[in-house]
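Enquirer: Below: one structure in structure tokens.
The values are calculated or read from the model by the stated rules, or taken from the named source; none is laboratory data. Values in this document were obtained by computation on a predicted structure and should not be read as measured data. Positions of Cβ are backbone-derived with ideal geometry, glycine not excepted, and every protein chain shown enters the neighbour counts. Heavy atoms of the whole protein, side chains included, go into the accessibility calculation; ligands, DNA and RNA do not. Shrake-Rupley method; radii C 1.70, N 1.55, O 1.52, S 1.80 Å.
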Amino acid sequence: MRLILRWFTPWRLVVVAASLALAWAAMVSALVRVSLFDNAAQALRWAPHDPRALVLAADARLADAVRDGVATPEVATMARESLQQQALNPTALRLLGFAADAAGGDNGPVRLVEELSLRTSRHEFGAHAWLIEDAVRRQDVDAAIRHYDIALRVSQSSWPVLMPKLTEAVGSEAVRKSLAPVIAQQPAWLYGFLEVAERKPGNGAALAQLMMAAGRWPQTPPFKLLQRGLLDSLVAEHQFGLLRRYVRQFPGAGAELFTSPALSDANLDQANGVQAWQSLVTAASGMRPGDTGGMVLFADAGARRTVAQKLLLLRPGSYRLTVTYGAEVTLAGGTVTWSVECLSAAERRAIWQSTPLSPSARSTFAATLAFSSGCDAYVLSASLGEGTGQQSLAVEVGAIGLVPG
């Protein structure tokens, strides 16, 4: 017993007490860390002055207050206490600004607090979101785009929130002017943004104008696929004049495919969208690649129908069209007709049509065409029809040429 009492010297008692205090502090810190993101209120009960627990609990109360439409004076109090414990606390600064804004404070001081939050940490998404809305209210487009760019760069989790909003804004010429230099830098979020923007119906023209102002379109395969989708959108929106200017500006946009109906592999690849020959497939008609190259036009006997067409971006003038047929020609009294139409935003009108033809195998058809002015684009079409009995019509086309002359 004396040995035990002799062991408990004052110095050893101090060491034991300090060790127990440190152990308790470590346990509380661990409990706070474990429960911090799952239950901020619980973490606050364990450590009522912990700066992280304070801001997370304040954030939760602010969200509830916004949902219920009530005042939140305690949010500012908790944010201030968190700042007293940790001066460089971006979340506390952001919440202090939010609380002042919710209380109807002047936006000028609130703006300064939110900017201070971002100078402490660029990852404070809520501050970016508030400053974007503030810039929109003040019609400061450059400031809004700057915060969009930073938020999208530092946090991929912001993409589902910000990209649809930025997509909506691209319809504004002022936004495109401010956004184009950012796009020209090809930020890491560019692909995700283009993917979202391209899916928005009717957005093709605005997106094309933005990329033309930026002056760059990445030529990696994923971006090339998105570009084909953009070209499809421009055609669907009848933006043929814009399509012509876009293709002329970007070498990777397939200008060579838009100026020739030749039956090359690229011109027959349906994955190339509007750049290639289009098969107007139905249950009874359409176009398919030939066994030895070229294409085969097919249709059931009966009413005439267009089975294939090729969009062309050509200069007005005189052109020589040649069509060379292959070995497979099964018309059974049916005919094939070639035609050219003029396309513009306002109309689609016929400018040339051949007489109905009944070609023989390996024969060649030639005609001189006058492509009139006032057309943004042209479309060369092939139609099959008529015939007798139940026999299907099939015409193999081995080669097509179209040259000035």
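Enquirer: Tell me, please, whether a residue that is of a type in the set (F, W, Y) and closer than 18 Å to G401 by Cα can be found in the stretch 294-303.
Expert: Taking every residue of the stretch 294-303 in turn, none turns out to be of a type in the set (F, W, Y) and closer than 18 Å to G401 by Cα.
Enquirer: Filter the stretch 296-315 for residues that are at pLDDT 90 or above and in contact with a Gly (Cβ under 6 Å, 6 or more places away or on another chain) and give the result.
Expert: V296, V307
Enquirer: Return the residue satisfying two criteria in turn: it lies in the stretch 288-338 and is among the polar types (S, T, N, Q) and under 36 Å from the mean Cα position of the chain (by Cα), and of such residues it is nearest to G385 (Cα to Cα).
Expert: Among those that are among the polar types (S, T, N, Q) and under 36 Å from the mean Cα position of the chain (by Cα), it is T306.
Enquirer: Counting just the residues of the stretch 305-324 that are open to solvent by 60 Å² or more (accessible area, probe 1.4 Å) and assigned to a strand (DSSP E or B), which one comes out nearest to V247 (Cα to Cα)?
Expert: R320
Enquirer: Can you name every residue in the stretch 259-282 that is touching a residue at least 60 places away in the same chain (Cβ under 8 Å) and either surrounded by 20 or more Cβ atoms within 10 Å (Cβ to Cβ) or in contact with a helix residue (DSSP H, G or I) (Cβ under 9 Å, 6 or more places away or on another chain) (or both)?
Expert: S260, P261, L263, listed by residue number.
Enquirer: Restricting the stretch 246-258 to residues that are open to solvent by less than 60 Å² (accessible area, probe 1.4 Å), of a type outside the set (G, A, S) and in a helix (DSSP H, G or I), which is nearest to L343 (Cα to Cα)?
Expert: F258
Enquirer: Mind checking which residues of the stretch 395-405 are at pLDDT 90 or above and open to solvent by 10 Å² or more (accessible area, probe 1.4 Å)?
Expert: Passing the criteria: E396, G398, A399, I400, G401, L402, V403, P404.
Enquirer: Would it be correct to say that A214 is under 22 Å from R122 (Cβ atoms), at pLDDT 95 or above and open to solvent by less than 60 Å² (accessible area, probe 1.4 Å)?
Expert: Judged against the criteria, A214 is not a match.
Enquirer: Condition check: closer than 20 Å to E341 by Cα and aliphatic (A, V, I, L, M). Does L243 satisfy that?
Expert: yes
Enquirer: Something else now. Can you find, within the stretch 283-304, the residue that is least open to solvent (accessible area, probe 1.4 Å) among those that are over 20 Å from L268 (Cβ atoms) and part of a strand (DSSP E or B)?
Expert: Looking at the filtered set, the residue picked out is G302.
Enquirer: I would also like to ask the following. Please go through the stretch 227-245 and pick out each residue that is open to solvent by 40 Å² or more (accessible area, probe 1.4 Å), part of a helix (DSSP H, G or I) and touching a residue at least 40 places away in the same chain (Cβ under 8 Å).
Expert: Selection gives R228, D232, R244.
Enquirer: Can you run down the residue pairs with Cβ atoms below 9 Å, 6 or more apart or on separate chains, where the first is in the stretch 356-372 and farther than 19 Å from L384 by Cβ and aliphatic (A, V, I, L, M) and the partner is assigned to a strand (DSSP E or B) and open to solvent by 70 Å² or more (accessible area, probe 1.4 Å)?
Expert: The qualifying pairs are A366/R320; L369/R320.
Enquirer: I need the full set of residues from the stretch 165-188 which are open to solvent by 60 Å² or more (accessible area, probe 1.4 Å) and assigned to a helix (DSSP H, G or I), in order please.
Expert: K165, E168, E173, K177, P181
Enquirer: Could you list, in sequence order, all residues of the stretch 364-384 that are open to solvent by less than 30 Å² (accessible area, probe 1.4 Å) and either touching a Leu at 6+ places or on another chain (Cβ under 8 Å) or modelled with pLDDT of 95 or more (or both)?
Expert: Once the filter is applied, which keeps residues that are open to solvent by less than 30 Å² (accessible area, probe 1.4 Å) and either touching a Leu at 6+ places or on another chain (Cβ under 8 Å) or modelled with pLDDT of 95 or more (or both), the stretch 364-384 yields A367, L369, F371, C375, A377, Y378, V379, L380, S381, A382, L384.
Enquirer: Considering the stretch 325-353 alone, what residues qualify as being surrounded by fewer than 18 Cβ atoms within 10 Å (Cβ to Cβ) and hydroxyl-bearing (S, T, Y)?
Expert: Residues satisfying the conditions are T330, T337, S339, S344.
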